[in-house]
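Participant: Here's a structure for you.
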Amino acid sequence: MNLIALKILIGDRAKYIGLIFGIIFATFLMSQQMSLFVGIMSRTFSIVEQIDEVDIWVMDPKVQYIDGIEPIPDINLARVRGVDGVKRATKFFKGNVVAKVNSMLQMVTLIGPDDVSFIGAPQKMIMGNVADLKKPNAVIIDETGYKYIWPNEPFQINREFEANDQRMNLVGIADTVPAFSSPVLIYSLYSNAINYSGASRNKLSFVLVDVEDGKNAKEVAKNITKRTGLKALTAKEFKFETLKYYMTHTGIAINFGVTVMLGFLVGAAISGQTFYIFINENLRQFAVLKAVGVNNRQILLMVLLQALTVATIGYAIGIGLTSIFFIKVAASTATFKGFILPWQVVAIVFVAIISIMTIISFFSIRKVVATDPSLVFRN
Amino acid sequence: MNSLINIKNISKDFVSGDKLVQALKNIEISINSGELTMITGPSGCGKTTLLSIMSGILTPTTGEVIIEGQNITKLSDNKKIEFRRRNLGFIFQQFNLLTNLTAIENISIPLIADGVNQKIARLKAIEILEQIGMNEQIDKLPSEMSGGQQQRVSIARALIHEPKVIICDEPTSALDAKTGRNVMEVLKQNSLNENRAVIIVTHDYRIFEFANRIIEMDDGKIISDKSC
């Protein structure tokens, strides 16, 4: 009966296309918006994530997320180094400065990795060398920042700009995921970064800690807090705290949630209504099948197959379009750098589409099962 | 000839608004195999209701329908469907072919519904189409066929599973006289044999000559029953 079910479905071309369009729309909108949401939210902790050699982030107890920094006195570096289980502790600066580029002012995020160990420096370069950060006034800019500041210009180092009346010499372009707080990331060694950031009594944003081999990072973090009174979080905890802050203190989740819900509802409405009309218009054909001896179980399987076929084709095209969006459109635009279609989104949207078609099928099947086969005797 | 269908004391009541309408009143019929029976009468006399009850599509208020020893009124819904699938063939006024299926696919439905392999069903369908002279229409859609051709496909669909009873509802009403006659010739020639009964509900007096027996109904009752 499967072939008959599919022929009935495909034969009504306008509704078949309408049904698939509804599912494509729902799939594309949900998967694209969810992926953008994941991409945007992962930018909130991208700086933490990219410094993957660090086990613990130590900070002022008032700090709730990576962009809300309360600097601590430098002396804390030594105090942290004195805690049991700490293998290595290094300085790390993060702050916002106003840079002057081509006579224009631009707010940039300044990252200051440790002068000696380079922990916190970019790990992948597009142009130049990380070691060049040791040169006087040397800075590295991220790819997205470069394209933001010098749009449509080829990559070029040895360009100069200013921050707090001090010269910055561009020695490299890094391949990093942009941060949430600013479109431009500038890296300079810690000692330079505190000069660029202007005068302040306390300069140290974070102490980055590596724990000794065999030691538990959570335990060491607890020891640091106990011994220094500072807040110490494992990298994973700090990422989560940052994410949680943005989720609860901004409307991003609600906005994307509304769009995703809209995709679900509009897709369900288009597909639901079309499928219901399709089933309604084919009731006589189902009545004929029932009259000639096709039982309700077979009819149910036919309707489910029709729904599943539409769901699968619509979902496949929808996910394909989202993939094309991220491979072609997003990859060529600096704004979307690092944005991908995560497999979890693919799975969630699949479940959502199957749910839509299950709900739709449920109502349609009721109608078909209740159809009186004696309908075939009426003209 | 053996008695294939026994309709015993069938009544059917419908509620229409506040009124109770008696569509059938104590109908008693016995139909033999090898018989082509026509049931006729004015609109609303209960012909189609009787046909629906004989098919197991409607359940009577009282009475029973026994087809080849099986009391179908006592069967569960699923068993009725199964009985219908194996023992009854249908021909309708408006042909009721599935619009997106070709002639051969339409004809195969009863076998496929019964779990017969698609290839075997197809071979059997080709055989029947050849039998009724429709071998050139195998892959045509209903929309590509004339009314007479569609009704002949419908006859093939009713015959493919070799049912005991063929039930026809106004099989010639939608056709012109010549085509109707042609369809009736195909129907009588191919469907009637000593193991099968054909029951036709019709208004079309032009086809009465094909009947072995004509039952006339009025107001839910049989008013005459003549052998021809």
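The values are calculated or read from the model by the stated rules, or taken from the named source; none is laboratory data. From a predicted model like this one, the values you see are computed outputs, not experimental measurements. Don't worry about glycine lacking a Cβ; one is built from the backbone with ideal geometry, like all the others, and counts go over all protein chains shown. SASA here: full protein model, heavy atoms, side chains in, ligands and nucleic acids out. Shrake-Rupley method; radii C 1.70, N 1.55, O 1.52, S 1.80 Å.
Participant: Among the residues of the range A:121-159, how many are assigned to a loop (DSSP other than H, G, I, E, B) and open to solvent by 60 Å² or more (accessible area, probe 1.4 Å)?
Facilitator: Taking the range A:121-159 first, the residues assigned to a loop (DSSP other than H, G, I, E, B) are A:121-124, A:129, A:135-137, A:150-159.
Within this subset, residues satisfying the condition of being open to solvent by 60 Å² or more (accessible area, probe 1.4 Å) are A:123-124, A:129, A:135-136, A:151-156, A:158.
The total comes to 12.
Participant: If I filter the range A:35-77 down to residues being under 14 Å from the mean Cα position of the chain (by Cα) and among the aromatic types (Phe, Trp, Tyr), which single residue comes out as farthest from A:Tyr245 (Cα to Cα)?
Facilitator: Out of the qualifying residues, it is A:Phe37.
Participant: Would you mind stating whether B:Asn26 is open to solvent by 40 Å² or more (accessible area, probe 1.4 Å), at positive phi and not in a loop (DSSP other than H, G, I, E, B)? Give the derivation first.
Facilitator: Working: open to solvent by 40 Å² or more (accessible area, probe 1.4 Å): yes; at positive phi: yes; not in a loop (DSSP other than H, G, I, E, B): yes.
When the stated conditions are applied, B:Asn26 passes them.
Participant: Something else: Would the range B:206-214 turn up any residue that is without any contact (Cβ under 8 Å) to a residue 24 or more places away in the chain, part of a helix (DSSP H, G or I) and within 20 Å of the chain's Cα centre (by Cα)? Before the answer, list the steps.
Facilitator: The initial filter retains those residues of the range B:206-214 that are without any contact (Cβ under 8 Å) to a residue 24 or more places away in the chain, namely B:209.
Remaining after also requiring part of a helix (DSSP H, G or I): B:209.
Keeping just the survivors that are within 20 Å of the chain's Cα centre (by Cα) gives B:209.
Checked the range B:206-214: at least one residue is without any contact (Cβ under 8 Å) to a residue 24 or more places away in the chain, part of a helix (DSSP H, G or I) and within 20 Å of the chain's Cα centre (by Cα).
For (1) at pLDDT 90 or above; (2) under 21 Å from A:Val220 (Cβ atoms), each residue gets a yes or a no:
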| site | (1), (2) |
| --- | --- |
| A:Met41 | no, no |
| A:Glu53 | no, yes |
| A:Trp57 | yes, yes |
| A:Val80 | yes, yes |
| A:Val83 | yes, yes |
| A:Ala89 | yes, yes |
| A:Val97 | no, no |
| A:Ser103 | no, no |
| A:Thr109 | yes, no |
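Participant: Under the condition of being in contact with a helix residue (DSSP H, G or I) (Cβ under 8 Å, 6 or more places away or on another chain), of a type outside the set (A, V, I, L, M) and within 22 Å of A:Val294 (Cα to Cα), which residue from the range B:113-153 is surrounded by the most Cβ atoms within 10 Å (Cβ to Cβ)?
Facilitator: B:Gln151
Participant: Determine if the range B:92-109 includes at least one residue that is open to solvent by 10 Å² or more (accessible area, probe 1.4 Å), within 14 Å of another protein chain (Cβ to nearest Cβ), more than 19 Å from the chain's Cα centre (by Cα) and under 24 Å from B:Asn190 (Cα atoms).
Facilitator: yes
Participant: I would also like to ask the following. Please pick out the residue among A:Arg227, A:Arg284 that is touching a Leu at 6+ places or on another chain (Cβ under 7 Å) and surrounded by fewer than 19 Cβ atoms within 10 Å (Cβ to Cβ). Working first, answer last.
Facilitator: On the way: A:Arg227 fails: touching a Leu at 6+ places or on another chain (Cβ under 7 Å).
Only one candidate passes the filter, namely A:Arg284.
Participant: Just the residues that are among the polar types (S, T, N, Q) and not in a loop (DSSP other than H, G, I, E, B), please, taken from the range B:126-184. Talk me through it step by step, then tell me what you get.
Facilitator: In the first step, residues of the range B:126-184 are kept if they are among the polar types (S, T, N, Q); the result is B:131, B:135, B:137, B:143, B:146, B:149-151, B:154, B:172-173, B:179, B:182.
Result: B:Gln131, B:Asn135, B:Gln137, B:Ser143, B:Gln149, B:Gln150, B:Gln151, B:Ser154, B:Thr179, B:Asn182.
Participant: Check B:Met54 against each of (1) out of contact with any strand residue (DSSP E or B) (no Cβ under 7 Å at 6 or more places or on another chain); (2) of a type in the set (A, V, I, L, M, F, W, C); (3) within 13 Å of chain A (Cβ to nearest Cβ) and name the one condition it does not meet.
Facilitator: (1)
Participant: Residues of the range B:48-63 being open to solvent by less than 30 Å² (accessible area, probe 1.4 Å) and either free of Cβ contacts under 8 Å to residues at least 60 places away in the same chain or over 20 Å from B:Asn78 (Cα atoms) (or both), which ones?
Facilitator: B:Thr49, B:Leu50, B:Ser52, B:Ile53, B:Gly56, B:Ile57, B:Pro60
Participant: Here is a follow-up. For B:Ile214, indicate whether it is β-branched (Val, Ile, Thr), open to solvent by 20 Å² or more (accessible area, probe 1.4 Å) and modelled with pLDDT of 90 or more. Don't jump to the end; show me each part of the working.
Facilitator: Details: β-branched (Val, Ile, Thr): yes; open to solvent by 20 Å² or more (accessible area, probe 1.4 Å): yes; modelled with pLDDT of 90 or more: yes.
So B:Ile214 passes the test.
Participant: A further question on this structure: Go through the range A:212-268 and count every residue that is β-branched (Val, Ile, Thr), within 22 Å of A:Ile75 (Cα to Cα) and touching a residue at least 60 places away in the same chain (Cβ under 8 Å).
Facilitator: If we filter the range A:212-268 for residues that are β-branched (Val, Ile, Thr), which is where we start, we get A:220, A:224-225, A:228, A:234, A:242, A:248, A:250, A:252, A:254, A:258-260, A:266.
Then keep just the ones that are within 22 Å of A:Ile75 (Cα to Cα); that gives A:220, A:224-225, A:228, A:234.
Checking the rest, the ones that are also touching a residue at least 60 places away in the same chain (Cβ under 8 Å) come to A:220, A:224, A:228, A:234.
Of the residues in the range A:212-268, 4 are β-branched (Val, Ile, Thr), within 22 Å of A:Ile75 (Cα to Cα) and touching a residue at least 60 places away in the same chain (Cβ under 8 Å).
Participant: Quick test of your reading of the structure: B:Lys74 fulfils all but one of (1) more than 30 Å from B:Glu144 (Cα to Cα); (2) open to solvent by 10 Å² or more (accessible area, probe 1.4 Å); (3) within 13 Å of another protein chain (Cβ to nearest Cβ). Name the failing condition by number.
Facilitator: The failed condition is (3).
Participant: Still on this structure, please answer the following. Listed residues A:Ala268, A:Ala253, A:Ala217; which is more than 29 Å from A:Met59 (Cβ to Cβ) and either open to solvent by 70 Å² or more (accessible area, probe 1.4 Å) or of a type outside the set (Val, Ile, Thr) (or both)?
Facilitator: Values: A:Ala253 fails: more than 29 Å from A:Met59 (Cβ to Cβ); A:Ala217 fails: more than 29 Å from A:Met59 (Cβ to Cβ).
After applying the criteria, what remains is A:Ala268.
Participant: Inspect all residues belonging to the range A:16-23 and state whether any of them is within 14 Å of chain B (Cβ to nearest Cβ), more than 19 Å from the chain's Cα centre (by Cα) and part of a helix (DSSP H, G or I). Steps first, please.
Facilitator: First, pick out the residues of the range A:16-23 that are within 14 Å of chain B (Cβ to nearest Cβ): A:16.
After this cut, where a residue has to be more than 19 Å from the chain's Cα centre (by Cα) as well, the list is A:16.
Narrowing the set further to residues that are part of a helix (DSSP H, G or I) leaves A:16.
Checked the range A:16-23: at least one residue is within 14 Å of chain B (Cβ to nearest Cβ), more than 19 Å from the chain's Cα centre (by Cα) and part of a helix (DSSP H, G or I).
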